[in-house]
1. All but one of (1) under 17 Å from B:P5 (Cα atoms); (2) in contact with a helix residue (DSSP H, G or I) (Cβ under 8 Å, 6 or more places away or on another chain); (3) surrounded by fewer than 19 Cβ atoms within 10 Å (Cβ to Cβ) hold for B:E304, so report the exception by its number.
2. Considering only region B:68-83, I want to know if a residue exists there that is more than 14 Å from chain A (Cβ to nearest Cβ), without any contact (Cβ under 8 Å) to a residue 24 or more places away in the chain and in contact with a Pro (Cβ under 6 Å, 6 or more places away or on another chain).
3. If we scan region A:50-62, do we find a residue that is more than 12 Å from every other protein chain (Cβ to nearest Cβ), part of a strand (DSSP E or B) and exposed (fewer than 13 other Cβ atoms within 10 Å of the Cβ)?
4. Tell me whether region B:114-123 contains one or more residues that are of a type in the set (K, R), closer than 20 Å to B:V219 by Cβ and modelled with pLDDT under 95.
5. Tell me the residue from A:D28, A:D8, A:D45, A:D22 that is facing chain B (nearest Cβ under 9 Å) and surrounded by fewer than 14 Cβ atoms within 10 Å (Cβ to Cβ), please.
6. Check B:P350 against each of (1) more than 13 Å from chain A (Cβ to nearest Cβ); (2) touching a residue at least 12 places away in the same chain (Cβ under 8 Å) and name the one condition it does not meet.
7. Would you confirm, using the coordinates I've provided, whether B:E327 is touching a Pro at 6+ places or on another chain (Cβ under 8 Å), surrounded by fewer than 24 Cβ atoms within 10 Å (Cβ to Cβ), among the acidic types (D, E) and touching a residue at least 12 places away in the same chain (Cβ under 8 Å)?
Amino acid sequence: MKIKVHNDICQGHARCAATAPDIFQLDDDGYILPGDIEVKPGDEDRASVGAMSCPECALEIEE
Amino acid sequence: MRPIPAHVPPEMVGDFSLFTSPGMAPTPNGDPQASAAAALEGPRIFYSQMNTRDGRGTWVVTRADDQRRVLQDPETFSSHRSIFASALGESWPMIPLEIDPPRHALYRSMLNPLLSPKRVMAMEEAVRERAAVLIDKILASGTSCDVMDDFAFPFAVNIFLRFLGLSDDRLEEFVGWANNLLHGDDEQRPRAARTIVEFIRSLAEERRRNPVDDFMTFVVQAEIEGRPLDDQEVLGIGVLLFVAGLDTVAAAIGFDLRYLAEHRQDQELLRREPAQIVLAKEEMLRAFSTVQMIRVATRDVDFEGAPIKKGDYVSCASMIANRDPDEFENPDRLDLGRIGNRHTAFATGPHRCIGSHLARREIEVALEEWLARVPPFRIKEGTTPITYGGHVFGIEGLVLDWS
């Protein structure tokens, strides 16, 4: 599973990291770091919930 | 009331207003968010003839997805409104709220570090101590209290004062200004606005002369594009801080405690499992959102069939979108464990509430400390809280009892 990160849409709500700080890493201001995220096996559920929590829909889940 | 503009098709005018619809005026035991969300039974977008505090009409965008499109498109839907200054007959922007991209990013990146998740974590101990002191005082003086007057407002204002590097002794005065500004009549409002402007100006002047480690010192020393901020920019930033963080946080705490007073099982759940509060407060932020975002069209645009004209106001009320059934399953039911809760209580787009991280922490800490210290509570018999809609939704007369 992969999460496509749309940095241009991220507005620093930090909801993804509130769900799974180890999966979604933020910069010092609370915006997601650039680069798509390869989700480790076993982390899929938390990654999905984190991505779904984004009010901007900046995190796209790719199976 | 202003006439309906000629370009608005009569069939697109809706009988709805966040200020005058049923449940928006002060209402005993009301549910203003549910009342506002009744707009979801209507079309995706319609025109409301009276939907701002100064009596203007707006388009009303009801669906969560459409609101996101408006708020994420600042080129078409501008934030430049000068709402605070206009109360004084002036026209300077609150910063960064009323500045559009690309200039917005200059101010935003300057201010972001002051309210980042990391910075808020460092403030937490002080926030928690403040909540504890206020609650212990309440417990020492009896078995009931007025939540807004005795806890929510003093708590929010206190944290604001601390942020500004000011002591508590002016707390009452600040609460008064904030109340008059947000809920006062046509005379009180401009008077409070002028008082706040004078206060911010003199505080900025003082911090220029005697810098300390606080917000206003940071602002008067900050630079953009290689120059210090001018007086109007400093004022625009200071005023926004004042108006944005007081009422909103206090109202959220009030609505949450009222809900928990009326839903004993949920109260018991959070009391037993305080770790659930972090997620539960998100659900309560969703269900009890308090603000509407208003944008101004920068060009003529057709939006879901609405012929929006340049200069038209477009309202994105968070309390409507946050009950959109296409976005949230069973939106009118509170599910304190709701996951993937992408509510927009703090807006979306570049103007996402810059204080959201602090506000979230304040609300969490308030609920944690309240539930840890106050015995099982309910609405005091013979009292009725009053709720209201409008510019910032709120609640007053919320008397809780734990005798």
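The values are calculated or read from the model by the stated rules, or taken from the named source; none is laboratory data. None of the values given here were measured: they were computed from a predicted structure. Note that we place each Cβ from the backbone using ideal geometry, even for glycine, and neighbour counts take in every protein chain shown.
1. Of the numbered conditions (1) under 17 Å from B:P5 (Cα atoms); (2) in contact with a helix residue (DSSP H, G or I) (Cβ under 8 Å, 6 or more places away or on another chain); (3) surrounded by fewer than 19 Cβ atoms within 10 Å (Cβ to Cβ), the odd one out for B:E304 is (1).
2. yes
3. yes
4. Within region B:114-123, one or more residues are of a type in the set (K, R), closer than 20 Å to B:V219 by Cβ and modelled with pLDDT under 95.
5. It is A:D28.
6. Only one criterion is unmet by B:P350, namely (1).
7. no
Results for (1) modelled with pLDDT of 95 or more; (2) of a type outside the set (A, V, I, L, M); (3) surrounded by fewer than 16 Cβ atoms within 10 Å (Cβ to Cβ), shown as yes or no for each residue.
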{"residue": "B:H7", "(1), (2), (3)": "yes, yes, yes"}
{"residue": "B:V13", "(1), (2), (3)": "yes, no, yes"}
{"residue": "B:T27", "(1), (2), (3)": "yes, yes, no"}
{"residue": "B:Q33", "(1), (2), (3)": "yes, yes, no"}
{"residue": "B:A37", "(1), (2), (3)": "yes, no, no"}
{"residue": "B:G42", "(1), (2), (3)": "yes, yes, yes"}
